[in-house]
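Everything below concerns the one structure shown next.
Every number here is computed from the coordinates shown, using simple stated rules; none is lab data. Please read these numbers as outputs of a predicted model, since none were measured by experiment. A quick note on method: Cβ atoms are made from the backbone with ideal geometry, for glycine too, and the neighbour counts reach across all protein chains shown.
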């Protein structure tokens, strides 16, 4: 942690500000880690409150709601307030939410975020100059929108008085870091064992990147795919990628064909178009800017390639799944 960071061992009272359509599993994972730590330690070390702005329970993305819920203004003293996001977080964050988060920051309350809750902190200007985690599916869009925030693909990030993590079960691992700092590694491990987990993951571990699920089972192909994903805005030639992974272009072509049914150029194009679709769905960037950010120098080329892959123009994606997970199109359906 950086200078001025509150010691993790001193943070025991947590508030979870649930936004509309928040991720229930993310919030539950964080709370359950604290509950089990109390059980293992045989004393009430941690406390928590589920919060909303008005005290009325917010519905999670699955239609359920946690309770009892307390109005943020009526919450008892808290060491950290976590903003809990999920589907369509952009529309769940209004002016009042931003004002309340800024008010908390002015009072010196450390702030955190679960899943897409990092968007709310970034939109309030409270993550400028910080490293930050968010669900991997939102990384591309949010990096383009908030250039002063260092969004990383880490599982969770503890940077001074900001505590952010990706979604799913990642909050469990982040709370494990809090528990270890206060109660020691043995207690944190026993807490994890109670949930039949083999280990607690560290914050610096990468999230499950989508590149790993696209048929790249060969080590050189995984390396090549990761390189393509990192250079989407300025695509490398096949020869350049091959040289970086220690293969000839012909060897790289053969491996890609064997494992994915696509050549490396086609695979790269599919990644770029998937990235473009995420930006279109999850950001307010102009369509032309999305094309540039996805490595296209010609708007016409971008539009034509997009139509070939998805069957419609880029503009059609506007308003669909904004800052929320969206099903991915298999690479085999990409550029013919």
### Message
If you average the C-alpha positions of segment 177-198 and of segment 247-294 separately, how far apart do those two centres end up, in angstrom?
### Response
40
### Task
Let me know the volume per residue of the alpha-carbon convex hull for segment 7-160, in Å³.
114
### Message
Could you list 20, 248 so that the one with the fewest beta carbons within 10 Å of its beta carbon is first and the one with the most is last?
### Response
248, 20
### Message
Tell me the angle of helix 185-194 to the major Cα principal axis of the chain, expressed in degrees between 0 and 90 and rounded to the nearest ten.
### Response
80
### Task
Could you bin all the Cα-Cα distances of segment 204-287 into 10 Å bins starting at 0 and give me the percent of pairs in each, rounded to whole numbers?
17, 50, 25, 7, 0
### Distance between segment 39-78 and segment 216-236 - C-alpha centres, whole angstrom
42
### Task
Rank 63, 15, 86 by mean-square fluctuation in a GNM of the chain with C-alpha springs under 10 angstrom and give only the top-ranked residue.
63
### Task
Please arrange 179, 232, 134 by counting, for each residue, the other beta carbons lying within 10 Å of its beta carbon, fewest first.
232, 179, 134
### Query
In degrees, nearest 10, range 0 to 90: what is the angle between the Cα axis of helix 95-106 and the longest Cα principal axis of the chain?
60
### Task
Please build a GNM for the chain, connecting alpha carbons under 10 Å apart, and tell me which residue among 54, 94, 198 fluctuates the most.
198
